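The values are calculated or read from the model by the stated rules, or taken from the named source; none is laboratory data. Small disclaimer: the values here were computed from a predicted structure and weren't measured. Every residue, glycine as well, gets a Cβ built from its backbone with ideal geometry; the counts of neighbours run over all protein chains shown.
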Amino acid sequence: MGKPKETSFDNFTWTDILNPNKDQLEEIAKENNLDYYQILDSLEHGHLPKFEKIEHYNFIILRAYTGKKNDKRSTVSELSNKVAFFYSDKKIITVHREKFEFMELSTEKFTSTDKLLLKVIDEMVETFVEPSEWHSSRIDEIEKVIFLKDYSKISLEDLYFLKSQTRIIKKLLQITQEVVNKLTVGKDSVSALQDIKDKLFRLVLIYDEAVEDTNNLMHTHMGITARRSNDVMKLLTVFSAFFLPLTFIVGVYGMNFHYMPELTWKLGYLWAMLFMALVCLVIFIWFKMKKII
């Protein structure tokens, strides 16, 4: 549990609360007349981004990307952490469990809560930029391996986590985009807000393409795997087609009956071998005519 960090600016105050417990938040809620259910939302681990406008303040939840490059994780709470904002013209309260470097803004100068809010939101959106480069690069690497090298070096597990992460991040960015589009700020902060909207739009496009690419890669991988399996089955079938009649012939002449006319043939072994060769030739010609081989 962290102690609330109070920072006073010229026109407003900022209370930053790191890893609070329920009692601490309820106390702050009473002091600032905050909604109880919004306090519960700010404590919920996997809560998605949202925006609520109350009579005397606004409430926002946004999420920043906190996953690592090679993490094998596939849930919202594993890949990101949230920051909850309660803000009005005179006060802004931020609540978060993870310690973020971009929240260290007490030494900077802000003239309004809008400017501080947009600064933090911009930094949160920025956390998704580097992961977008990771995922795009990883997709390119997998694509090259599948099509140009050995597809078996790529596991379905890798493709699953890549697909899950890109899909979850895309949804998270889309919800964040909806929240940011609902924000209203002063005239001197409109440009900063538009920059955030543009950045979100670009990220959504990047992850939209990434989701499509990962789906295609998974289908391609499964298709190549199925084709290789079919090739193996085809090869086994061809061998079986050649050896089954030969096995039958050998089996017939392997019977130990006393009266078998061919046993007295001087060139019986040679004729049997020639007959088996003829059978193989007929099967080969038939396969060629049917374009099986």
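Side notes on the structure shown:
- Filtered residues of region 126-151 (kept if at pLDDT 90 or above, out of contact with any Leu (no Cβ under 6 Å at 6 or more places or on another chain) and of a type in the set (Phe, Trp, Tyr)): Trp134
- Meets criteria (of a type in the set (Gly, Ala, Ser), under 23 Å from Thr75 (Cβ atoms) and assigned to a helix (DSSP H, G or I)) for Ser191: no
- Scanning region 9-30 for residues that are of a type in the set (S, T, N, Q) and part of a helix (DSSP H, G or I) returns a single hit, Gln24.
- Residues of region 231-269 classified as surrounded by fewer than 10 Cβ atoms within 10 Å (Cβ to Cβ) and over 60 Å from the mean Cα position of the chain (by Cα), total: 10
- Of everything listed in (1) in contact with a Lys or Arg (Cβ under 7 Å, 6 or more places away or on another chain); (2) closer than 26 Å to Gly186 by Cα, the single unmet condition for Asn11 is (1).
- Glu6 at pLDDT below 90, in a strand (DSSP E or B) and under 21 Å from Leu116 (Cα atoms): yes
- Cβ pairs under 8 Å, 6+ apart, first in region 30-58 and assigned by TED's automatic domain parsing to the domain that holds Phe86 and more than 21 Å from Thr176 (Cβ to Cβ), second polar (S, T, N, Q) and assigned to a helix (DSSP H, G or I): none
- Flag for Leu203 being closer than 20 Å to Arg63 by Cα, outside any helix (DSSP H, G or I) and at pLDDT 90 or above: no
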